[in-house]
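The values are calculated or read from the model by the stated rules, or taken from the named source; none is laboratory data. Everything numeric here is computed off the predicted structure, so don't read it as measured data. Heads up, the Cβs are rebuilt from the backbone with ideal geometry, glycines too, and the neighbour counts pull from every protein chain shown.
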Amino acid sequence: MNAIAQGTDMTIEMAARVADFPILGRPVHGRRLVYLDNGATTQKPQAVIDAEARFYSESNANIHRGVHWLSQHSTDLYDQGRERVRQLLNAAQVEEIVFTRGTTEAINLVAASWGRANLNEGDEILLSGMEHHSNIVPWQFVAQQTGAVIKVVPVTDDGELDMGAFSQLLNERTRFVGMCHVSNALGTVNPVEEIVRQAHAVGAVVLLDGAQAVAHQRVDVQALGCDFYVFSGHKLYGPTGIGALYGRRELLDAMPPWQGGGDMIHTVSFERSTYAPTPQKFEAGTPNIAGVVGLKAAIAYVQEVGLEAIAAHEDTLLQYATEQLAGIPGLRFIGQARQRAAIASFVMEGIHPHDLGTILDMEGVAIRAGHHCTMPLMTRFGLPGTARASFALYNTREDVDALVAGLHKARRLFGLEERSA
Ligand code: PLP
């Protein structure tokens, strides 16, 4: 668990936050919506919805290119969003924050720009066996283009990174290490400080995928010492289509642009173009301005609730869910790492995860079933997929109880449990 559970008071306090999220008031299949698919995307508080709507009704103009007041106003809002992300990650400089469509695009940016410029034949890219496809496939592209080789750190039966194997795989050919901070399929919190320390000792550059971390704990990129950190706004109570890449300034300054177009240039002629400084160099074209405004509101919201309070609440809930789920016959947890955040992944003997998902849905309980974009990890566990309940600040014990009741119902429907049970 990633923080000290602080008992039920915190849970009661957080339950009051349900009212901030209008979608949680809508029924699904005539039932109260129990939303436990937060690993896929979180719901949005009214403050975020209002901020985006207000932007379009009061502030909309394209940024950077206008001398008129509205364009300058919109540019100010965009710049304030960048400063908010800097604060969220505790980056040293605002120039170290590049806006992207999300985690996937941020990793593709690093792979296409840093990867193609720095990797050569025989260089090694070290990834973990629990990576999301978005931290695998872009590196396969680069490996095919450069002749670099991908190596994989195995995952233990408990769903932890095999740190002994990690140390052994690191060598002077390792140029890049890419790891998730928190696994989206298992909830495992990886020992990222240690990963960065060991990787830097052999001169490798480290990217941490924070997609499942930023909404659940405080992240400090300077304390972590990583070279790149990436996340998606929509998993942090913000809008879809916006996220960010943190990159150490000297790395970003040395990297070539990856997309060409407006806003990323300094001068253009048909003979040659020169480029804008970091971070504009990586933000070609009109960006998702409204998304940045929404993301800024989302960060303000989680900062107001408090990331420590969120972590403590989710830990209490995960502990409760783990106890309750453990009492269901035939249920087996996948991933029992010592450090876990906000995710319970499991399979049920005799019922396919997709059937579990469908039956729970009829009860108003939204979970995710499948490979969670981690096919190599599922292969490692010999499974087609798992059922995953993932928690957010607005989830309650009643939500866990609804999940457990739904699972008992699934067992009854499959003839695995007596009706009286
Ligand atoms: N990495 C992890 C660990 C994730 O959980 C996800 C999304 O589920 C991603 C990357 C991709 O995020 P996005 O689809 O927002 O780009």
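Worth pointing out:
- Selection count where residues are in a helix (DSSP H, G or I) and either in contact (Cβ under 8 Å) with a residue 12 or more places away in the chain or in contact with a Lys or Arg (Cβ under 6 Å, 6 or more places away or on another chain) (or both), scope region 157-170: 5
- Leading residue by the ranking (nearest to residue 378 (Cα to Cα)) among those in region 112-137 that are more than 16 Å from the ligand (Cβ to nearest atom) and acidic (Asp, Glu): 124
- Search result, residues across region 86-108 that are touching a Gly at 6+ places or on another chain (Cβ under 9 Å), of a type outside the set (Phe, Trp, Tyr) and either closer than 15 Å to residue 242 by Cα or within 15 Å of the ligand (Cβ to nearest atom) (or both): 97, 98, 100, 101, 102, 103, 104, 105, 106, 107
- Condition check for residue 112: over 27 Å from residue 219 (Cβ atoms) and buried (at least 16 other Cβ atoms within 10 Å of the Cβ): no
- Odd one out for residue 99 among (1) modelled with pLDDT of 95 or more; (2) surrounded by 14 or more Cβ atoms within 10 Å (Cβ to Cβ); (3) outside any strand (DSSP E or B): (3)
- Look at (1) within 20 Å of the chain's Cα centre (by Cα); (2) within 27 Å of residue 306 (Cβ to Cβ); (3) among the hydrophobic types (A, V, I, L, M, F, W, C) and you find that residue 373 fails only one, number (2).
- When residues of region 117-156 are limited to those that are aliphatic (A, V, I, L, M) and in contact (Cβ under 8 Å) with a residue 60 or more places away in the chain, the one surrounded by the fewest Cβ atoms within 10 Å (Cβ to Cβ): 117
- Being in contact (Cβ under 8 Å) with a residue 60 or more places away in the chain and either touching an Asp or Glu at 6+ places or on another chain (Cβ under 7 Å) or among the basic types (Lys, Arg) (or both) is a condition met by no residue of region 72-81.
- Residue 208 being within 16 Å of the ligand (Cβ to nearest atom) and closer than 23 Å to residue 52 by Cβ: no
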